[in-house]
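The values are calculated or read from the model by the stated rules, or taken from the named source; none is laboratory data. Treat the numbers as computed from the prediction; the structure is a model and nothing was measured. Methodologically, a virtual Cβ is constructed for each residue, glycine included, from the backbone with ideal geometry; neighbour enumeration extends over all protein chains shown. All accessible areas refer to the heavy atoms of the entire protein, side chains included, with ligands and DNA or RNA removed. Shrake-Rupley method; radii C 1.70, N 1.55, O 1.52, S 1.80 Å.
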Amino acid sequence: CLWSYWGNAAFPRDISKKLHQHGQLLMGNGPFHKGWYHMPFVDIPGREVSYGDSGTPESLDYSPEEIYLLYRSLAARRPYWTLLNEYYDDQQRILKYFQRSLFYGFFPSMYVMHDGKSEHYWKQPKYYDRDRNLFKKYIPLIRRLDNARWQPVPYAWTKPGIIRIERFGNFKEGNLTFRLYNQADLSKSVSLILSRDELLLPSEIRATEWISERDVSVKVSNSKVRLILQLPPKGYAAVGIEGG
């Protein structure tokens, strides 16, 4: 007998080769969730996600850092798409879904409620009209991150250490961005410390937090740049770095 994943890898490999010959891309639903075998051949991966009420492994609240870090790491510099397969009544949870998507550079969208019997999100104006401002605000920001490309080594760290950090882009290309996530249940005053040598930063830079659209305090020394900002409980930030 043959394990089915072998065939599941051979099939997208063949399809990807044929599509690339015509300048086209392969988009796949489900890669990297229970196996990584599709990974080399899928140009645009994605899958459904949930809040975690159902306790499923792909949920946002079941080891959310581990599962999202897995998707981000395996997708590498490719875009990743998610479909929220959950209840949509609480807009605050929808907001957190968008902000978490910004942190990881994932493109968010919606599907159907997880019971599989409810009406599709995009057939319910009470939901998509309510959330229209979130799509208009966060999708352009996520697109900027995706164009900058994820960088697995940030050359930066945070104080306190409970603050998670991810980096997209490079200063030389004018798209250096850091995303931060406060894992604590309390608000935190955060120092984001950047290594000037590795990031090739000049003596004068300017930093802007994208979500609030506010300037961030910057302190430059010979070897480091320190950025000071406040993060709410379980809150997110995206800081863009430019020449001063």
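Taking the Cα centre of the chain as the origin, how large is its charge dipole in debye, to the nearest 20, when only Lys and Arg (+1) and Asp and Glu (-1) carry charge on their Cβ atoms? Walk me through the numbers before you get to the answer.
Details: 34 positive and 26 negative charges, 112 e Å.
Here the size comes out at about 540 debye.
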Once you put a point 7 Å from the Cα of Lys96 and another 7 Å from the Cα of Met27, both along the Cβ direction, what distance in nm separates them? 2.8 nm
To the nearest 10 degrees, how steeply does helix 4-20 sit against the main Cα axis of the chain, on a 0 to 90 scale? 70 degrees
Among the listed pairs Lys17/Lys172; Lys172/Lys224; Lys159/Lys224; Lys137/Lys234; Lys172/Lys234; Lys126/Lys188, those beyond 25 Å (Cα-Cα): Lys17/Lys172; Lys172/Lys234; Lys126/Lys188
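Sort 147-156, 2-11, 188-197 for me by packing, meaning the mean count of neighbouring Cβ atoms within 10 Å per residue, highest on top.
Numbers: 147-156: 15.6, 2-11: 11.4, 188-197: 17.5.
Ranking the peptides 147-156, 2-11, 188-197 by packing returns 188-197, 147-156, 2-11.
Would you mind getting the accessible area per residue of the chain, heavy atoms of the protein chains only, 1.4 Å probe, in Å²?
Computed with neighbouring chains in place, this is 52 Å² per residue.
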The farthest towards the positive end of the charge dipole of the chain, of the residues Gln24, Asn170, Ile44, given +1 on Cβ of Lys and Arg and -1 on Cβ of Asp and Glu, is Asn170
With Cα coordinates, the longest principal axis of the chain makes an angle with the long axis of helix 132-148, in degrees rounded to 10, of 80 degrees
Name the residues whose placed amide hydrogens come within less than 5 Å of the amide hydrogen of Gly46, ignoring near sequence neighbours (fewer than 5 apart) on the same chain. Gly28, Gly30, Trp81
Using label points projected 7 Å from each Cα along Cα→Cβ, tell me how many nm separate Lys234 and Thr208, to one decimal. 3.0 nm
Gyration tensor verdict on the stretch 138-200 (Cα atoms; rounded if a/c is under 1.5, prolate if a/b is larger than b/c, oblate otherwise): oblate
Could you tell me what percent of the accessible area of the stretch 113-163 is made up of carbon and sulfur, with a 1.4 Å probe and every protein chain present? 53 percent
Difference of contour (0.36 nm per residue) and Cα-Cα distance, Lys126 to Leu2: 39.9 nm
